[in-house]
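First the structure, in the form of structure tokens, and then the observations on it.
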């Protein structure tokens, strides 16, 4: 792909009611803004018609690629999508969700900041989710601040843009089995960079099927997430050291491969 290209990673599970609209909206908006993009959908073992819809759409949309995996959960689908994306010839990786609660119109706000920071994050200023979900996010924000001393407005938001190289180094530090990898990518980004641009984005009420995590499943997911964050805090310094060393190596290679620098050294 050409310079300033982006892969949009979208995990999906049982979204037959809206997935075609989501893909068409993103394709239309990014084409309108003349963004060089590809769409990467990760089907997390959907049991409805989602998989078939995706396969049909990929026959007519050359920008669309599909990964079908067994049902391993949203976190696994996100991480696998990232891993596939950073292996592609692109400059940036963007992640959003498939439930039509975000608008592609806000993408350009993050895209315009792509060269100011290796990571740019959205922030749901007015979040249309049940009260208990907003409470969990509020508590997670406070928990992260107390553990890591970073103020991340919306740590798990599925609306984020990464420089591909930077993201590849973040992914290399993530341990297997994390329930919410986006939370840890946020922590690593803010800690390694000092701060990251945060852009307000629109959020809409979910339509159609219910949110996937409900009742007891949500409670278990919360305990798992907070335990993962606590464990992660003991490993943070080692992970940050790896990221910084990786970035330094890239800079050195860039200087060594610069013809002007090589000529001066000679």
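Failed condition for residue 200, given (1) farther than 21 Å from residue 82 by Cβ; (2) modelled with pLDDT of 95 or more; (3) in a helix (DSSP H, G or I), with all others met? Of the numbered conditions (1) farther than 21 Å from residue 82 by Cβ; (2) modelled with pLDDT of 95 or more; (3) in a helix (DSSP H, G or I), the odd one out for residue 200 is (3).
So is residue 138 out of contact with any helix residue (DSSP H, G or I) (no Cβ under 8 Å at 6 or more places or on another chain) and modelled with pLDDT under 95 or not? Considered against the rule, which asks whether it is out of contact with any helix residue (DSSP H, G or I) (no Cβ under 8 Å at 6 or more places or on another chain) and modelled with pLDDT under 95, residue 138 comes out as yes.
Residues in segment 35-60 that are over 19 Å from the mean Cα position of the chain (by Cα), surrounded by 15 or more Cβ atoms within 10 Å (Cβ to Cβ) and not in a helix (DSSP H, G or I): 45, 46. Scanning segment 67-77 for residues that are under 22 Å from residue 37 (Cβ atoms) and surrounded by fewer than 24 Cβ atoms within 10 Å (Cβ to Cβ) yields 67, 68.
Among the residues of segment 17-34, none qualifies, meaning not one is surrounded by fewer than 19 Cβ atoms within 10 Å (Cβ to Cβ), assigned to a strand (DSSP E or B) and modelled with pLDDT of 95 or more. Do we have any residue at all in segment 149-158 that's surrounded by fewer than 17 Cβ atoms within 10 Å (Cβ to Cβ), out of contact with any helix residue (DSSP H, G or I) (no Cβ under 6 Å at 6 or more places or on another chain) and either within 16 Å of residue 198 (Cα to Cα) or modelled with pLDDT under 90 (or both)? There is at least one residue in segment 149-158 that is surrounded by fewer than 17 Cβ atoms within 10 Å (Cβ to Cβ), out of contact with any helix residue (DSSP H, G or I) (no Cβ under 6 Å at 6 or more places or on another chain) and either within 16 Å of residue 198 (Cα to Cα) or modelled with pLDDT under 90 (or both).
The values are calculated or read from the model by the stated rules, or taken from the named source; none is laboratory data. It should be emphasised that the depicted structure is a prediction, and the values quoted were computed from it without experimental measurement. With ideal geometry, Cβ positions are generated from the backbone for all residues, glycine too; neighbour counts draw on all protein chains shown.
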